[in-house]
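The values are calculated or read from the model by the stated rules, or taken from the named source; none is laboratory data. Nothing here was measured: the structure is a model prediction, and the numbers come from that model. Here Cβ is always computed from backbone atoms with ideal geometry, including for glycine, and neighbour counts include all displayed protein chains.
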Amino acid sequence: MASPTHPEQEPAAAAPGDSPFGAPEATGSPEVTEPAPATEAARVEEPRRIPSQEELERIAVDVRIRRRPRYGVFIVTGMVLAAIIGYLLATSVPQDQHVNWGSTVWVTTIGSAVLGVILGAGAGVFADWLSRRK
């Protein structure tokens, strides 16, 4: 089987500036480079063509802009309101009726906050649904 280069033939020597990676190799003589292209501001652009009224009416599309509710606001509002209500309800119970009153208050407050997150997210989805119906 013959190889692309025969052993008796030597491969051609590469030119001084050639590199297998496409970049010129560093040599002792400076290279001449082309000047940088003009910047965007220096270029003269063609004025844009203004479409006629008939063309605008032909390509115009009716659109409806819908404002989407921000779910994060609904979730945080529901969490804060439910946590405040849960805290007020938990602290309305007298302390002598519970062995560990402080834990009861915190568990009730945190549980109410989680419930408020779920209700706030549901209110956000409902508000989004209402905005689509119009």
Item to check | Residue pairs meeting the criteria (Cβ under 9 Å; at least 6 apart or on separate chains; first without any contact (Cβ under 8 Å) to a residue 60 or more places away in the chain, in region 114-125; second surrounded by fewer than 18 Cβ atoms within 10 Å (Cβ to Cβ) and outside any helix (DSSP H, G or I)) | outcome: A123/P69; G124/P69; G124/R70; V125/P69
Checklist entry - When the residues of region 49-69 are filtered to those that are surrounded by 10 or more Cβ atoms within 10 Å (Cβ to Cβ) and either out of contact with any helix residue (DSSP H, G or I) (no Cβ under 8 Å at 6 or more places or on another chain) or not basic (K, R) (or both), which remaining residue is nearest to W129 (Cα to Cα)? => result P69
Checklist outcome for this item: Going through region 41-57 in order, the residues found to be part of a loop (DSSP other than H, G, I, E, B) and either among the charged types (D, E, K, R) or at pLDDT 85 or above (or both) are R43, E45, E46, R48, R49, I50, S52
Item to check | Per-region count, region 95-117, residues among the small types (G, A, S) and surrounded by fewer than 14 Cβ atoms within 10 Å (Cβ to Cβ) | outcome: 2
Checklist outcome for this item: Conditions (1) in a helix (DSSP H, G or I); (2) in contact (Cβ under 8 Å) with a residue 60 or more places away in the chain -> T109 fails only (2)
Next on the checklist: Quick check on S92: is it loosely packed, with under 10 Cβ neighbours inside 10 Å, at pLDDT 85 or above and not aromatic (F, W, Y)?
Outcome noted: yes
